[in-house]
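The structure appears below as structure tokens.
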Amino acid sequence: FQGIFVLGLPYALLHSGYSGLFLIILAAALCCYTGKILIACLYEENEDGQLIRVRDTYEDIANACCKKLSPKLGGIVVNVTQVMELIMTCILYLVVSGNLLSHSFPYVPVTEKTWSVIAFVTLLPCVFIKTLKIVSKLSQLCSLVHFIIILVVMTYCLTQIHQWSWEKFRLSVEFEDFLVSVGVIIFSYTSQIFLPTLEGNMKNPGEFRCMLNWTHFFACVLKTTFALTAFLTWGEGTKEVITDNLPSFLQTLVNLCLLTKALLSYPLPFFAATEIVYACISRGNHSNYRSPLFALGVRGSFLLLTLLMAMFIPHFALLMGLTGSVTGAAMTFLLPSLFHLKLKWKKLSFLEKCADISIFILGFLCSIAGIVCSVKGLLEVFG
């Protein structure tokens, strides 16, 4: 929940004003809810009324919903969407790593693409990751680095408290700028892709809902506090990535921390994407596809693919925005609410049905708005 997107929240407040604070809270509540209903789709009641986990993945849920139309259609759509978003996330981390290294060492005569290759070399051990436990250890380190970054920024902001003024907040906002803010805020909470695997690996899955409540609550408090203090410090001068507002002596330190965070963040989407592809390929009775050597080949191919795409795709940020608008909204809002309505319709109350339908409509509108803004940006770039 506390990814690189968090560093863009003060900029989102610049364009959304007071409504941005409300959006940060609303997005936390909606994403927490869709996470719960997605996991609810993994379970069915047995004859004794006990909940039994009858599905393991997002793909299983999709297949259950589309089995009358086509037994595997839903799973294919979900897998393609998941892999697209995960790969684009991995590529983004490589691009960011190259950018941060070039800004941290401007006196070294090396291009940004070369720096991306150097960052890629440090990620080669990812091909040997076989379990989520290793990924969780790296994610813990990633969280620690992230809190160091937040601490540095907020400490500096608190030293400038004499400059704070609520007059910096705007009541009226431009519609297109507001849409950009909505995208940044909503997608800073997205985690639905990982939830079925996470819940399945918990020692006590019964604590999942409680865990989701507390993590979203603390994420919301941290995001609101961070975005507010940073925006009150720099006001109209707030930049897209808030660390660019820091004095030069702090920028290098924070950039190196961001680099560490980007490299430690890479294994989670990489592991999830390769597991999905490997599971799809090895399904069946082909023993060759289930060999450790083949799994190593799949992970190695994915690693190389992310490097090549990071180096050769032009206007990556705009393409990332377009992909995120389609896959992010679909995986976070559209599909969880749709699947929940399909699988649990007879057991849902009227209010639960209204909530699911409202979230589906909201996700659809966010997706359309994001696509329009991204396509408009691409058209401007290509003339």
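The values are calculated or read from the model by the stated rules, or taken from the named source; none is laboratory data. Keep in mind that this is a model prediction, so the values were computed, not measured. Every residue, glycine as well, gets a Cβ built from its backbone with ideal geometry; the counts of neighbours run over all protein chains shown. SASA here: full protein model, heavy atoms, side chains in, ligands and nucleic acids out. Shrake-Rupley method; radii C 1.70, N 1.55, O 1.52, S 1.80 Å.
Worth pointing out:
- Of the residues making up the range 180-209, those that are part of a helix (DSSP H, G or I) and open to solvent by 40 Å² or more (accessible area, probe 1.4 Å) number 11.
- Among residues of the range 132-157, those that are open to solvent by 40 Å² or more (accessible area, probe 1.4 Å) and either in contact with a Pro (Cβ under 6 Å, 6 or more places away or on another chain) or within 16 Å of Ile242 (Cα to Cα) (or both), counted: 6
- Screening Pro292, Pro314 for residues that are over 30 Å from Asp177 (Cα atoms), open to solvent by 70 Å² or more (accessible area, probe 1.4 Å) and modelled with pLDDT under 85 leaves exactly one candidate, Pro292.
- Some residue of the range 249-257 being crowded, with 19+ Cβ neighbours inside 10 Å, in a loop (DSSP other than H, G, I, E, B) and of a type in the set (S, T, N, Q): no
- Criterion violated by Thr260 - all others in (1) open to solvent by 40 Å² or more (accessible area, probe 1.4 Å); (2) touching a residue at least 40 places away in the same chain (Cβ under 8 Å); (3) among the hydroxyl-bearing types (Ser, Thr, Tyr); (4) farther than 27 Å from Trp115 by Cα satisfied: (4)
- Pairing residues of the range 18-39 that are in contact (Cβ under 8 Å) with a residue 12 or more places away in the chain with residues that are surrounded by fewer than 22 Cβ atoms within 10 Å (Cβ to Cβ) and not in a helix (DSSP H, G or I), at Cβ distances under 6 Å and at least 6 apart in sequence or on separate chains, gives Tyr18/Phe169.
- Filter result for Leu212 (of a type in the set (A, V, I, L, M), modelled with pLDDT of 90 or more, closer than 23 Å to Leu21 by Cα and surrounded by 15 or more Cβ atoms within 10 Å (Cβ to Cβ)): yes
- Complete set of residues in the range 73-98 that are of a type in the set (A, V, I, L, M) and within 12 Å of the chain's Cα centre (by Cα): Leu86, Ile87, Met88, Leu92
Here's the yes/no breakdown for (1) at pLDDT 85 or above; (2) open to solvent by 70 Å² or more (accessible area, probe 1.4 Å):
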{"site": "Asp60", "(1), (2)": "yes, no"}
{"site": "Lys68", "(1), (2)": "no, yes"}
{"site": "Lys72", "(1), (2)": "no, yes"}
{"site": "Val95", "(1), (2)": "no, no"}
{"site": "Leu100", "(1), (2)": "no, no"}
{"site": "Tyr107", "(1), (2)": "yes, yes"}
{"site": "Glu112", "(1), (2)": "no, yes"}
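- Residues of the range 56-115 that are of a type in the set (Gly, Ala, Ser), over 25 Å from Phe249 (Cα atoms) and in a helix (DSSP H, G or I): Ala62, Ala64, Gly74, Gly75.
- Hits in the range 16-43 (condition: surrounded by 14 or more Cβ atoms within 10 Å (Cβ to Cβ) and not hydrophobic (A, V, I, L, M, F, W, C)): Ser16, Gly17, Ser19, Gly20, Tyr33, Thr34, Gly35, Lys36, Tyr43
- Candidates Ala227, Ala219: the one that is surrounded by fewer than 22 Cβ atoms within 10 Å (Cβ to Cβ), within 30 Å of Phe364 (Cβ to Cβ) and at pLDDT 85 or above is Ala219.
- Filter result for Phe271 (aromatic (Phe, Trp, Tyr) and modelled with pLDDT of 90 or more): no
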